[in-house]
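Below you'll find the structure, written out as structure tokens, and then a few comments.
All of the numbers you see were taken from the coordinates with simple rules; none came from a lab. It should be emphasised that the depicted structure is a prediction, and the values quoted were computed from it without experimental measurement. Cβ: placed from backbone, ideal geometry, glycine included. Neighbour counts: every protein chain shown.
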Amino acid sequence: MHKRVTFDHKLLPYLLLAPQLAITLVFFIWPASQALWQSVLQEDAFGLSSRFVGLDNFARLARSAEYLGSLRVTLVFSAAVTAFGMGIALLLAMMADHVIRGATGYKTLLIWPYAVAPAIAGLLWFFMFHPTIGIVAWLLKGGGVLWNHHLNGTHAMVLIVIAATWKQVSYNFLFFLAGLQAIPRSLIEAAAIDGAGPGKRFRTIILPLLSPTTFFLLVVNLTYAFFDTFPIVHAVTEGGPGQATMILVYKVYKDGFVGLDLGGSAAQSVVLMAIVILLTVVQFRFIERRVQYG
Amino acid sequence: MAEVVVSDVRKNFGRIEVLKGVSVTVADGEMLVILGPSGCGKSTLLRCIAGLETVTAGEIRIGGRRVNELEPMHRDIAMVFQNYALYPHMSVYDNMAYGLRNRGTARPEIARRVQEAARILGLEGLLERKPRQLSGGQRQRVAMGRAIVREPAAFLFDEPLSNLDAKLRVQMRHEIRLLQERLGTTGIYVTHDQVEAMTLGDRLIVLNAGVVEQIGTPLDVYWRPASAFVATFIGSPAMNLLRSRVAADGAAVLLDGGRLPLRPARPDLAGSDVELGIRPEHLQPGAAEGGVLAGRVAWIEALGADTLAHLELTGGTSLCARLNGTLAVRPGEMLSMSVAEENVHLFRPGDGRRL
Amino acid sequence: MVENRPLLTFVAHLTLLLGVAIVALPIWIVLVTSSQRLEDVIQAPIPMWFGDQLLQNYTDVLTAGVQGSFSGAVAPMLRNSLVMALGIAIGKIAISLLSAFAIVYFRFPLRMLCFWTIFLTLMLPVEVRILPTYKVVADLGMLNSYAGLTIPLIASATATFLFRQFFLTVPDELAEAARVDGAGPLKFFWDILLPLSRTNIAALFVILFIYGWNQYLWPLLITTDASMTTIVMSVQRMIEAADDTPEWPRIAAVGVLAMLPPVVIILTMQRWFVKGLIETEK
């Protein structure tokens, strides 16, 4: 953490830090504290005055069936995106690690969805599933399923899960592949000599050694599903039909920006902040531990 | 060209005192080697002279000028670092020229000095290369070149050879010595390697735990170590240190039934406990006119030219003797060893000072 | 793997090819659609090979845009996106380099407080402080401006950490050699540290350019003026408009244009990108 060599200067370090700190204070810390403050206020119907209501806004959230529904939607959505995104990526990474020759080629072919904006990913799959022109919808119709994510909540959910997963697989793939390639060959060979077949090696050697990567990706994927998928929902389903895809970040936006419920939106922001802080702390504790054990 | 005077320099890191009052004068053109085990403060002393650390107390003068408050660049010194510290993204030429450019030296002058240094060091063909394209020895030369072009009052070397392999180290050691003599620049050289210290230095300063143990020429330090610490630190294998007692008449040291005469006698020490120091290479088999120690050979290490015989004296004390490799010695054998009396060293138990 | 099992290798290639196909399929379809005449793609199944309208469709969207999407030609949107992405990437790199330099190479009162303040930004993504941040930007008169699009996003804990990690690995002797050579802190930063950071800067640039280009919520909030629209946020209006006027080929063309720059960057700079990504998150 510390350098032995440092420069002596009274003012310079502050000048160097000034731009970053100024932006952080003005655009991060101040608005966040505003959100905290507003979360304990309630504005009147005309927005003319506000009064202190303590934790009322939070209590209102806890009682709100809509909010709890949104929480449930978020959990289902995040669990699905994380599980599929990591599962598929691990499978592909295992295969790419296995083939050796051509692994780099596959890597190139698999990484670029990372560069595609979530909103565009939404557009791509909107296209694929569109009831009149979408190729997948058309294939499904052949199989007897009438696809319409405008009307069917489950369809809408499946659509955004696919779009969000599609985008995230490449990221997970890169990390899993790096993790797999970091496992010493000699370890696998030793296990093979000890009589462990591929399946057993995977369970007893590879998976445990991969667990730091897996855990790291778990946190990153949950964060992604919670926060970075806003554009997919906003662009493709707008939370609907009904509340079927109303994930928490989208609800904050909607209640605050469209519904203009300042106190309620601020309370939701605070809840989300708590979730991010929790995820970040978990992630950093883990990194600390990893550093310790080398 | 300058004299470097270090007077009672102290350095604390927090509450830890790393240098506990070091004083030494390096004469103009002299090469002084700072020697000591790791953690003794030798690098800290060098860095204080360089200005990379500020001293807690004391004074440093370079060329008669007090430099305590000066930045490294204003101290008129150049430094060669352990890992060379070449700027990886700059060519050899730029590495050498960087310091001169920062001082606003004129371009033609920079070119002249760099070419000159490259010629001296045999780097002419390599000026456009990047450090990573050079071998270890070449990098070392570039680091030297960077110091030379500055034409400083003093060169400071911080273990500059420790990253090289053994063969290259011998060669570079020689080159550094020749170069420093030829340029006549004052040099201060930090190392933990006693061979480097003995071969390079006009004088050595041996540091232990922030305290000066001895200052003197290499041979002085070898033949008349000022303390038990210096005695065991210089020389390989290390000097035998044996707890013993001076005879009641002060004319001999008694050890496990053996008797080593002291000439001249030391009546001042009569009857007192001492640490007896004998270098392995000064123990010779057979009874000469000196005193005799008899012991059984416990085990031997045959090194070819020499054989190290580890003896157990009758009282159970063990010591090591370095014998000619042609002597046939076998474990279990009884050996009589003699020591010339000028090679008998006595140290005070406790502080280890020479008696 | 240890054993040489041709079947396993075959299955591996098959799985990977299937993965590549699934990754590529939507992009292929959008690409193909963007080259069709409208009448060929109003009903599934749509053609799976290129039509003859490729150039026409792209020219149309670049100059005129998509009907019914209220956002006009796409060319200015691309420009806005480019300005935003470059502004965010360069801005983040610049201020993070400076902060990391201050934190690593100086000792000063409140150093740890500054460090933790920057760290906190990790915990406050835009999504959780939408309204108050909007208000700050509005109060500062930065709505509908490039400054508003970029400046609030350029504080970066991640980039600061990456540079800090990297600076810590730079040997101390280099800074000492520079001091002996007469370089002050700023000269050391400019002459030594910055050139040494080139690879890291390149890697971060790729990641941050993509991050900037793909911004969605932020431009959505602070741009109301159609002339400030970015291409990624225009997607939403096109999807809405698609229900009334399904101009599929043109919508597809806009989609392709929106992903082209970041995809090109990631593919050309893949080496740095992968290294940077894995190191940033370490």
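Our estimate of slack between B:ARG243 and B:ASN102, defined as 0.36 nm per intervening residue step minus the Cα-Cα distance, is 44.9 nm. The chymotrypsin sites (Phe, Trp or Tyr not before Pro) of the range A:26-134 that DSSP puts in a loop, and whose beta carbon has at most 15 other beta carbons within 10 Å, are A:PHE46. Only Cα pairs under 8 Å and 6+ residues apart enter the sum, and on that basis the relative contact order of the range C:65-280 stands at 39 percent.
For the residues of C:209-218, the average number of beta carbons from a partner chain within 10 Å of their own beta carbon is 4.
Per the Debye calculation on chain B with a single equal scatterer at every Cα and no solvent contribution, log₁₀ I(q)/I(0) for q = 0.11 Å⁻¹ amounts to -0.82. Scaling the Cα radius of gyration of the protein assembly as shown by the globular reference 2.2 N^0.38 Å produces a ratio of 1.27. Each of A:SER170, A:SER265, A:SER50, B:SER338 was scored by other Cβ atoms within 10 Å of its Cβ. Listed from fewest to most, they are A:SER50, B:SER338, A:SER170, A:SER265.
Run the numbers on chain A and let me know its relative contact order in percent, using alpha-carbon pairs under 8 Å that are six or more apart.
After rounding, I find 26 percent.
Kirkwood hydrodynamic radius of chain C, from the reciprocal of the average inverse Cα-Cα distance over all distinct pairs: 22.0 Å.
Which shape class applies to the range A:73-290: rounded if a/c is under 1.5, otherwise prolate when a/b exceeds b/c and oblate if not, where a ≥ b ≥ c are the square roots of the Cα gyration tensor eigenvalues?
oblate
Once you reduce the range C:163-233 and the range A:99-121 to the center of their Cα atoms, the two points are 25 Å from each other. Summing charges over neighbours of B:THR191, with a neighbour being any other residue whose Cβ is under 12 Å away from its Cβ, gives -1 when K and R count +1 and D and E count -1.
I want the local charge near C:SER145. Using Cβ-Cβ distances under 15 Å, sum +1 for each Lys or Arg and -1 for each Asp or Glu among the other residues. Local net charge: -1. Based on DSSP H segments of at least four residues, each scored -39500 (n - 2.57), chain C has a per-residue ellipticity at 222 nm of -21000 deg cm²/dmol.
For the residues A:ALA266, A:ALA190, A:ALA115, a GNM of chain A with alpha-carbon springs under 10 Å puts the largest fluctuation on A:ALA190. Within the straight-line cut-off of under 30 Å between alpha carbons, the lysines reachable from A:LYS141 are A:LYS167, sequence neighbours fewer than 8 places apart in one chain being disregarded.
Step through the table entries B:LYS11/B:LYS42; A:LYS10/B:LYS42; C:LYS187/C:LYS275; B:LYS11/C:LYS187; A:LYS10/C:LYS92, compare each Cα-Cα distance with 21 Å, and write down the pairs that go over it.
A:LYS10/B:LYS42; C:LYS187/C:LYS275; B:LYS11/C:LYS187; A:LYS10/C:LYS92
Please report how far the C-alpha centroid of the range C:8-79 lies from that of the range B:142-194, rounded to the nearest whole angstrom. A separation of 67 Å, based on Cα centres. Using alpha carbon centroids, what distance separates the range B:208-274 and the range C:86-155, in Å? Here the answer is 68 Å between Cα centres. In the range A:132-155, whose amide N lies under 15 Å from the spot 7 Å out along Cα-to-Cβ of C:ALA21? List them in ranges. Of the residues in the range A:132-155, A:136 have backbone N under 15 Å from the label point off C:ALA21.
Normalised by residue count, the range C:112-168 yields a Cα convex hull volume of 96 Å³ per residue.
When the protein assembly as shown is described by a simple charge dipole with +1 on each Lys and Arg Cβ and -1 on each Asp and Glu Cβ, the residue from B:ALA153, B:ASN240, B:PRO72 located farthest towards its positive end is B:ASN240. For the range B:45-93, the equivalent ellipsoid derived from the Cα gyration tensor has semi-axes of 25, 12, 8 Å, listed largest first. Take every Cα pair under 8 Å whose residues are at least 6 apart in sequence, average their separation, divide by the length of chain B, and the relative contact order is 15 percent. Remark: C-alpha extents of the range A:55-180 on the principal axes read 59, 44, 24 Å, sorted largest to smallest. Its DSSP H runs of at least 4 residues, each contributing -39,500 (n - 2.57), put the calculated 222 nm mean residue ellipticity of chain A at -21000 deg cm²/dmol, to the nearest 500.
Which of C:PHE167, B:PHE347 has the fewest other C-beta atoms within 10 Å, and how do the rest follow up to the most? Walk me through the numbers on the way to the answer.
Numbers: C:PHE167 21, B:PHE347 24.
Final ranking by Cβ density, sparse to dense: C:PHE167, B:PHE347.
Only helices enter the 222 nm calculation for chain B: every DSSP H run of n ≥ 4 contributes -39,500 (n - 2.57), and dividing by all residues gives -7000 deg cm²/dmol, rounded to 500. Residues B:THR105, B:THR56, A:THR245, ranked from the fewest to the most other C-beta atoms within 10 Å, line up as B:THR56, B:THR105, A:THR245. The loop-placed GluC sites (Glu not before Pro) in the range B:104-210, going by DSSP, that have at most 11 neighbouring Cβ atoms within 10 Å of their Cβ come out as B:GLU128. A cut-off under 14 angstrom between Cβ atoms defines the neighbours of B:SER38, and their net charge, with Lys, Arg +1 and Asp, Glu -1, is -2.
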